[in-house]
Amino acid sequence: MEIQNIFHLADIYRISQSIVPWFFSTGIKIIAIVISAVVVDKIGRIFIEKLVRELVKPDMAVPDYKEAERKREDTLIRIFNNILRITIILVLVLSILPQLGIDITGLLAGAGIVGIALGLGARSLIQDFLAGIFIILENVYRIGDVVCLDGTCGAVENITLRKTVLRDLDGVQHHISNGSIKKASNLSKDFARVNLNVGIAYNSDLKKVIEVVNRVGKELAEDPEWKDSILKPPQFVRVDDFADSAMIIKIVGDTKPLKQWAVTGELRKRLKIAFDKENIEIPFPQMVVWQRGIEKK
(Lines give C-alpha, C1' and ligand atoms only; values in the text may rest on other atoms or scores of the structure.)
Protein backbone atom coordinates (compact mmCIF):
# COMPACT_ATOMS: atom_id res chain seq x y z
CA MET A 1 0.00 0.00 0.00
CA GLU A 2 2.79 2.36 0.87
CA ILE A 3 4.57 1.47 -2.40
CA GLN A 4 1.39 2.40 -4.37
CA ASN A 5 1.22 5.72 -2.56
CA ILE A 6 4.85 6.39 -3.42
CA PHE A 7 4.18 5.67 -7.12
CA HIS A 8 1.07 7.87 -6.99
CA LEU A 9 3.01 10.75 -5.49
CA ALA A 10 5.71 10.27 -8.11
CA ASP A 11 3.12 10.53 -10.89
CA ILE A 12 1.72 13.70 -9.38
CA TYR A 13 5.19 15.13 -9.11
CA ARG A 14 6.02 14.34 -12.75
CA ILE A 15 2.71 15.84 -13.93
CA SER A 16 3.23 18.96 -11.84
CA GLN A 17 6.75 19.27 -13.20
CA SER A 18 5.29 19.48 -16.73
CA ILE A 19 2.15 21.53 -15.93
CA VAL A 20 3.72 24.21 -13.76
CA PRO A 21 6.23 25.41 -16.40
CA TRP A 22 3.47 25.25 -19.07
CA PHE A 23 1.15 27.26 -16.83
CA PHE A 24 3.71 29.99 -16.18
CA SER A 25 4.82 30.13 -19.82
CA THR A 26 1.62 29.51 -21.79
CA GLY A 27 -1.29 29.22 -19.35
CA ILE A 28 -0.84 32.74 -18.02
CA LYS A 29 -0.81 34.08 -21.59
CA ILE A 30 -4.11 32.28 -22.36
CA ILE A 31 -5.67 33.58 -19.14
CA ALA A 32 -4.47 37.09 -19.98
CA ILE A 33 -5.97 36.80 -23.48
CA VAL A 34 -9.34 35.64 -22.07
CA ILE A 35 -9.37 38.40 -19.43
CA SER A 36 -8.52 40.97 -22.10
CA ALA A 37 -11.37 39.69 -24.28
CA VAL A 38 -13.83 39.97 -21.37
CA VAL A 39 -12.64 43.50 -20.58
CA VAL A 40 -12.89 44.57 -24.23
CA ASP A 41 -16.40 43.07 -24.39
CA LYS A 42 -17.53 44.97 -21.27
CA ILE A 43 -15.98 48.28 -22.35
CA GLY A 44 -17.25 47.84 -25.91
CA ARG A 45 -20.82 47.25 -24.72
CA ILE A 46 -20.73 50.36 -22.54
CA PHE A 47 -19.30 52.42 -25.40
CA ILE A 48 -21.88 51.08 -27.90
CA GLU A 49 -24.79 51.82 -25.56
CA LYS A 50 -23.65 55.40 -24.87
CA LEU A 51 -22.90 56.06 -28.55
CA VAL A 52 -26.25 54.72 -29.80
CA ARG A 53 -28.26 56.58 -27.15
CA GLU A 54 -26.42 59.76 -28.10
CA LEU A 55 -26.85 59.37 -31.87
CA VAL A 56 -30.50 58.30 -31.92
CA LYS A 57 -32.66 61.42 -31.83
CA PRO A 58 -36.22 61.30 -30.44
CA ASP A 59 -39.17 62.01 -32.73
CA MET A 60 -41.22 64.45 -30.64
CA ALA A 61 -44.19 64.26 -33.01
CA VAL A 62 -44.77 60.58 -32.28
CA PRO A 63 -47.08 59.68 -29.37
CA ASP A 64 -45.06 57.98 -26.60
CA TYR A 65 -41.92 59.03 -28.47
CA LYS A 66 -39.72 58.08 -25.51
CA GLU A 67 -40.85 54.46 -25.72
CA ALA A 68 -40.40 54.44 -29.51
CA GLU A 69 -36.91 55.91 -29.12
CA ARG A 70 -36.01 53.32 -26.48
CA LYS A 71 -37.08 50.46 -28.79
CA ARG A 72 -34.98 51.80 -31.66
CA GLU A 73 -31.99 52.23 -29.37
CA ASP A 74 -32.34 48.75 -27.88
CA THR A 75 -32.60 47.21 -31.35
CA LEU A 76 -29.39 48.91 -32.54
CA ILE A 77 -27.54 48.16 -29.29
CA ARG A 78 -28.43 44.47 -29.58
CA ILE A 79 -27.25 44.35 -33.20
CA PHE A 80 -23.91 46.06 -32.52
CA ASN A 81 -23.33 44.01 -29.36
CA ASN A 82 -23.79 40.77 -31.33
CA ILE A 83 -21.34 41.97 -33.99
CA LEU A 84 -18.84 42.91 -31.25
CA ARG A 85 -19.18 39.56 -29.50
CA ILE A 86 -18.70 37.55 -32.71
CA THR A 87 -15.59 39.60 -33.55
CA ILE A 88 -14.13 39.12 -30.06
CA ILE A 89 -14.75 35.36 -30.13
CA LEU A 90 -13.02 35.03 -33.51
CA VAL A 91 -10.01 37.05 -32.34
CA LEU A 92 -9.94 35.08 -29.06
CA VAL A 93 -9.88 31.70 -30.81
CA LEU A 94 -7.22 32.83 -33.29
CA SER A 95 -5.08 34.14 -30.40
CA ILE A 96 -5.35 31.03 -28.22
CA LEU A 97 -4.74 28.37 -30.89
CA PRO A 98 -1.05 29.37 -31.46
CA GLN A 99 -0.49 29.20 -27.70
CA LEU A 100 -1.64 25.59 -27.81
CA GLY A 101 0.85 24.82 -30.54
CA ILE A 102 -1.68 24.77 -33.37
CA ASP A 103 -0.54 26.34 -36.61
CA ILE A 104 -3.28 28.66 -37.85
CA THR A 105 -1.54 29.67 -41.09
CA GLY A 106 -3.44 27.11 -43.13
CA LEU A 107 -6.63 27.95 -41.25
CA LEU A 108 -6.27 31.65 -42.02
CA ALA A 109 -5.53 30.92 -45.68
CA GLY A 110 -8.61 28.72 -45.96
CA ALA A 111 -10.74 31.23 -44.06
CA GLY A 112 -9.48 33.96 -46.37
CA ILE A 113 -10.57 32.05 -49.46
CA VAL A 114 -13.94 31.21 -47.92
CA GLY A 115 -14.30 34.82 -46.78
CA ILE A 116 -13.66 36.14 -50.28
CA ALA A 117 -16.21 33.71 -51.73
CA LEU A 118 -18.79 34.60 -49.10
CA GLY A 119 -18.02 38.29 -49.49
CA LEU A 120 -18.66 38.19 -53.21
CA GLY A 121 -21.83 36.17 -52.76
CA ALA A 122 -23.16 38.13 -49.78
CA ARG A 123 -22.29 41.64 -50.96
CA SER A 124 -25.93 42.53 -51.52
CA LEU A 125 -26.85 40.99 -48.15
CA ILE A 126 -24.25 43.15 -46.37
CA GLN A 127 -25.56 46.18 -48.26
CA ASP A 128 -29.09 45.34 -47.05
CA PHE A 129 -27.87 45.06 -43.44
CA LEU A 130 -26.03 48.38 -43.52
CA ALA A 131 -29.03 50.13 -45.10
CA GLY A 132 -31.33 48.59 -42.48
CA ILE A 133 -29.12 49.86 -39.66
CA PHE A 134 -29.21 53.42 -41.02
CA ILE A 135 -32.98 53.26 -41.60
CA ILE A 136 -33.48 52.43 -37.93
CA LEU A 137 -30.72 54.76 -36.70
CA GLU A 138 -31.95 57.79 -38.66
CA ASN A 139 -35.63 56.99 -38.07
CA VAL A 140 -36.43 57.26 -41.78
CA TYR A 141 -39.69 55.38 -41.19
CA ARG A 142 -41.24 53.16 -38.54
CA ILE A 143 -43.70 50.30 -38.35
CA GLY A 144 -47.15 51.79 -38.97
CA ASP A 145 -45.94 54.64 -41.19
CA VAL A 146 -47.29 55.01 -44.72
CA VAL A 147 -44.37 55.30 -47.14
CA CYS A 148 -43.47 55.12 -50.82
CA LEU A 149 -40.25 53.22 -51.55
CA ASP A 150 -39.12 53.80 -55.13
CA GLY A 151 -42.75 54.08 -56.25
CA THR A 152 -44.18 51.22 -54.16
CA CYS A 153 -46.51 52.67 -51.53
CA GLY A 154 -48.15 51.15 -48.48
CA ALA A 155 -48.19 50.85 -44.70
CA VAL A 156 -44.99 49.54 -43.11
CA GLU A 157 -45.80 46.17 -41.54
CA ASN A 158 -42.28 45.18 -40.53
CA ILE A 159 -38.67 46.37 -40.69
CA THR A 160 -35.68 44.08 -40.35
CA LEU A 161 -32.03 44.67 -41.15
CA ARG A 162 -32.53 42.87 -44.47
CA LYS A 163 -35.90 44.08 -45.74
CA THR A 164 -38.97 46.28 -45.31
CA VAL A 165 -42.48 44.82 -45.63
CA LEU A 166 -45.26 47.06 -47.02
CA ARG A 167 -49.01 46.43 -47.34
CA ASP A 168 -50.75 48.51 -50.01
CA LEU A 169 -54.43 49.56 -50.24
CA ASP A 170 -55.27 46.47 -52.30
CA GLY A 171 -53.96 44.27 -49.50
CA VAL A 172 -50.89 43.22 -51.48
CA GLN A 173 -47.79 42.63 -49.35
CA HIS A 174 -44.50 43.89 -50.78
CA HIS A 175 -41.07 42.70 -49.56
CA ILE A 176 -38.37 45.25 -50.43
CA SER A 177 -34.67 44.69 -49.69
CA ASN A 178 -33.27 47.67 -47.79
CA GLY A 179 -30.17 47.90 -49.95
CA SER A 180 -32.24 48.44 -53.11
CA ILE A 181 -34.11 51.48 -51.73
CA LYS A 182 -32.93 54.66 -53.44
CA LYS A 183 -35.78 56.96 -52.44
CA ALA A 184 -38.03 56.72 -49.38
CA SER A 185 -41.00 59.10 -49.08
CA ASN A 186 -42.70 59.09 -45.66
CA LEU A 187 -46.35 60.19 -45.88
CA SER A 188 -46.87 60.13 -42.11
CA LYS A 189 -43.78 61.72 -40.57
CA ASP A 190 -44.31 64.50 -37.99
CA PHE A 191 -47.47 65.84 -39.66
CA ALA A 192 -49.57 65.37 -42.78
CA ARG A 193 -51.35 67.80 -45.08
CA VAL A 194 -54.73 68.24 -46.70
CA ASN A 195 -53.96 69.33 -50.27
CA LEU A 196 -57.26 69.63 -52.12
CA ASN A 197 -58.07 71.13 -55.52
CA VAL A 198 -61.71 72.04 -56.18
CA GLY A 199 -63.22 73.34 -59.41
CA ILE A 200 -65.78 76.18 -59.28
CA ALA A 201 -67.72 77.86 -62.07
CA TYR A 202 -66.19 80.92 -63.72
CA ASN A 203 -69.25 83.01 -62.85
CA SER A 204 -68.85 82.30 -59.13
CA ASP A 205 -68.29 85.16 -56.68
CA LEU A 206 -64.68 84.40 -55.70
CA LYS A 207 -64.86 86.39 -52.45
CA LYS A 208 -67.92 84.42 -51.41
CA VAL A 209 -66.19 81.16 -52.32
CA ILE A 210 -63.17 82.07 -50.17
CA GLU A 211 -65.45 82.97 -47.26
CA VAL A 212 -67.38 79.70 -47.50
CA VAL A 213 -64.22 77.55 -47.83
CA ASN A 214 -62.54 79.19 -44.83
CA ARG A 215 -65.70 78.92 -42.75
CA VAL A 216 -66.13 75.22 -43.54
CA GLY A 217 -62.45 74.56 -42.74
CA LYS A 218 -62.73 76.39 -39.41
CA GLU A 219 -65.93 74.59 -38.44
CA LEU A 220 -64.32 71.25 -39.27
CA ALA A 221 -61.27 72.06 -37.13
CA GLU A 222 -63.52 73.05 -34.21
CA ASP A 223 -65.73 69.97 -34.45
CA PRO A 224 -65.15 67.78 -31.33
CA GLU A 225 -65.07 64.70 -33.55
CA TRP A 226 -62.28 66.08 -35.77
CA LYS A 227 -60.35 68.70 -33.79
CA ASP A 228 -57.88 66.19 -32.36
CA SER A 229 -56.91 65.18 -35.91
CA ILE A 230 -56.38 68.70 -37.28
CA LEU A 231 -53.31 70.82 -36.53
CA LYS A 232 -54.15 73.73 -38.87
CA PRO A 233 -57.65 74.33 -40.32
CA PRO A 234 -57.99 73.80 -44.09
CA GLN A 235 -58.11 77.22 -45.76
CA PHE A 236 -58.21 78.77 -49.21
CA VAL A 237 -54.68 79.35 -50.56
CA ARG A 238 -54.98 80.49 -54.16
CA VAL A 239 -56.60 80.10 -57.54
CA ASP A 240 -54.45 77.26 -58.79
CA ASP A 241 -55.46 77.04 -62.43
CA PHE A 242 -57.91 78.12 -65.12
CA ALA A 243 -59.22 74.86 -66.53
CA ASP A 244 -61.47 74.39 -69.56
CA SER A 245 -64.69 74.35 -67.55
CA ALA A 246 -63.75 75.65 -64.10
CA MET A 247 -61.49 77.76 -61.94
CA ILE A 248 -59.38 75.45 -59.77
CA ILE A 249 -58.89 76.63 -56.17
CA LYS A 250 -56.37 75.08 -53.79
CA ILE A 251 -57.25 74.34 -50.16
CA VAL A 252 -54.50 73.39 -47.69
CA GLY A 253 -54.43 72.44 -44.01
CA ASP A 254 -52.26 70.39 -41.62
CA THR A 255 -53.32 67.22 -39.83
CA LYS A 256 -51.77 64.66 -37.56
CA PRO A 257 -49.95 61.79 -39.31
CA LEU A 258 -52.22 59.33 -41.17
CA LYS A 259 -55.29 61.56 -40.64
CA GLN A 260 -55.05 63.49 -43.90
CA TRP A 261 -57.21 61.10 -45.93
CA ALA A 262 -60.09 60.99 -43.45
CA VAL A 263 -60.01 64.77 -42.95
CA THR A 264 -59.89 65.40 -46.70
CA GLY A 265 -62.90 63.13 -47.24
CA GLU A 266 -64.90 64.91 -44.56
CA LEU A 267 -63.89 68.29 -45.96
CA ARG A 268 -65.11 67.31 -49.45
CA LYS A 269 -68.46 66.28 -48.02
CA ARG A 270 -68.90 69.52 -46.07
CA LEU A 271 -67.81 71.67 -49.00
CA LYS A 272 -70.36 70.02 -51.28
CA ILE A 273 -73.15 70.63 -48.75
CA ALA A 274 -72.03 74.26 -48.20
CA PHE A 275 -71.64 74.96 -51.94
CA ASP A 276 -75.12 73.61 -52.66
CA LYS A 277 -76.56 75.78 -49.88
CA GLU A 278 -74.75 78.90 -51.15
CA ASN A 279 -75.50 78.15 -54.84
CA ILE A 280 -71.81 77.78 -55.69
CA GLU A 281 -71.53 75.56 -58.73
CA ILE A 282 -68.99 72.78 -59.08
CA PRO A 283 -69.15 72.47 -62.87
CA PHE A 284 -68.75 69.34 -64.93
CA PRO A 285 -66.85 69.40 -68.23
CA GLN A 286 -68.83 71.06 -70.95
CA MET A 287 -68.48 71.05 -74.73
CA VAL A 288 -70.02 73.52 -77.16
CA VAL A 289 -70.98 71.89 -80.46
CA TRP A 290 -71.50 74.07 -83.52
CA GLN A 291 -73.71 72.50 -86.13
CA ARG A 292 -73.64 73.84 -89.66
CA GLY A 293 -76.88 73.85 -91.54
CA ILE A 294 -77.18 71.47 -94.48
CA GLU A 295 -78.61 73.08 -97.63
CA LYS A 296 -81.35 71.04 -99.19
CA LYS A 297 -81.72 70.79 -102.93
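The values are calculated or read from the model by the stated rules, or taken from the named source; none is laboratory data. None of the values given here were measured: they were computed from a predicted structure. Using ideal geometry, Cβ is built from the backbone for each residue, glycine included, and neighbour counts are taken over all protein chains shown.
Key figures
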read-out: Residues being under 30 Å from Arg162 (Cβ atoms), in contact (Cβ under 8 Å) with a residue 40 or more places away in the chain and not in a strand (DSSP E or B) - total across segment 181-234; value: 5
read-out: Residue match in segment 230-252 (condition: modelled with pLDDT of 95 or more and within 22 Å of Cys153 (Cβ to Cβ)); value: yes
read-out: Any hit, segment 283-295, residues being surrounded by 14 or more Cβ atoms within 10 Å (Cβ to Cβ), more than 30 Å from Val156 (Cα to Cα) and modelled with pLDDT under 90; value: yes
read-out: Filter pass, Gly179 being over 30 Å from Ile135 (Cα atoms) and surrounded by 13 or more Cβ atoms within 10 Å (Cβ to Cβ); value: no
read-out: Residues located in segment 125-163, provided they are of a type in the set (Ser, Thr, Tyr) and either closer than 28 Å to Asn82 by Cα or free of Cβ contacts under 8 Å to residues at least 12 places away in the same chain (or both); value: Tyr141, Thr160
read-out: Positions within segment 57-101 being modelled with pLDDT of 80 or more, of a type outside the set (A, V, I, L, M) and surrounded by 14 or more Cβ atoms within 10 Å (Cβ to Cβ), in sequence order; value: Phe80, Asn81, Arg85, Ser95
read-out: Flag if Ile133 is within 20 Å of the chain's Cα centre (by Cα) and in a helix (DSSP H, G or I); value: yes
read-out: Selection count, segment 238-265, where residues are over 22 Å from Lys189 (Cβ atoms) and surrounded by fewer than 18 Cβ atoms within 10 Å (Cβ to Cβ); value: 10
read-out: Glu54 being assigned to a helix (DSSP H, G or I), of a type in the set (Asp, Glu), out of contact with any Gly (no Cβ under 7 Å at 6 or more places or on another chain) and modelled with pLDDT of 85 or more; value: no
read-out: Residue that is among the small types (Gly, Ala, Ser) and outside the structural domain of Val165 (by TED's automatic domain parsing), where the choices are Ser177, Ser229; value: Ser229
read-out: Lone qualifier among Pro224, Pro234 - being surrounded by 15 or more Cβ atoms within 10 Å (Cβ to Cβ), under 17 Å from Val263 (Cα atoms) and in the same structural domain as Leu258 (by TED's automatic domain parsing); value: Pro234
